[in-house]
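Worksheet: the structure to be examined is printed underneath.
The values are calculated or read from the model by the stated rules, or taken from the named source; none is laboratory data. Bear in mind the structure is a predicted one, so any value in this text is a computation, not a measurement. Note that each Cβ is placed from the backbone with ideal geometry, even for glycine, and that neighbours are counted across all protein chains shown.
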Amino acid sequence: MAHWILPAILIGLAGNLDNLGVGIAYGARRIGIPALPNLFIALVATGGTLVMGYAGSGIGHVLPAETANAAGAICIMAVGVWVLWPRRPRREAEVPAKGPIGLIHNPEQADEDLSGDISLVESLALSVALGINAWAGGLGGGLVGVPPWTLALSTGIFSYLTLLAGDHLGRRTVGHWLGSKASLVAGLMLILIGIKDLL
């Protein structure tokens, strides 16, 4: 069991590095993320990852071991490619995309009442937007045999910590540089994890 701790940590961290970028974006705009909404976002990430991890584990028990391992590795790498995929810059004249996908590109939309803080209600859509990468990573991790509860625990902890750290960093000059690199690091980490599982 112990040999799955490191992969769980790496998948949990990589799946949440987008949170760091979003937290930095909020911090730079002086939009706060209170503890309760941050905890709710982490719980959604944890629950979704646990479900997807068990789904991946169940599929892995049906498929031959080598096929399940390859499928999981490809799934993890696919998430990495998705994270790295260049987002088309939005022109000023364009109407911002709505819903969770819109929040990935324009996270400040979550503060709908312009209060300067993300409320518990506003965190609902944000939790889905930020959970997508983690959930997909949970599916891949379950397929390659990482215990779902370790994936879920790692995801929840890193979800909370990366948003918190991002918010603090965003209020400092260094945060802008780190924010632009978060998705790059996350994507490369997931691809490397997938390659390792294929070998």
Next item on the list: Only helices (runs of 4 or more DSSP H) wholly contained in region 1-108 count here; list those with 2 or more residues that are at pLDDT 75 or above.
Entry: 5-14, 17-28, 35-62, 65-84
Item checked: VAL174, sole failed condition from (1) at pLDDT below 85; (2) touching a helix residue (DSSP H, G or I) at 6+ places or on another chain (Cβ under 7 Å) -> (2)
Next item on the list: State whether the residues of region 110-118 include one that is in a loop (DSSP other than H, G, I, E, B), at pLDDT below 75, closer than 21 Å to ALA45 by Cβ and not charged (D, E, K, R).
Entry: yes
Notebook entry, point to check: Taking interchain pairs and intrachain pairs at least six residues apart, which have beta carbon atoms under 8 angstrom, with the first residue in region 5-28 and surrounded by fewer than 22 Cβ atoms within 10 Å (Cβ to Cβ) and the second at pLDDT below 80 and not in a helix (DSSP H, G or I)?
Noted result: ALA28/ARG171
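So that you can scan it fast, the table gives a plain yes or no per residue for (1) among the aromatic types (Phe, Trp, Tyr); (2) within 23 Å of GLY141 (Cα to Cα):
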residue	(1), (2)
ILE5	no, yes
ALA8	no, yes
ILE11	no, yes
GLY23	no, no
ALA35	no, no
VAL44	no, yes
VAL62	no, yes
ILE74	no, yes
TRP85	yes, yes
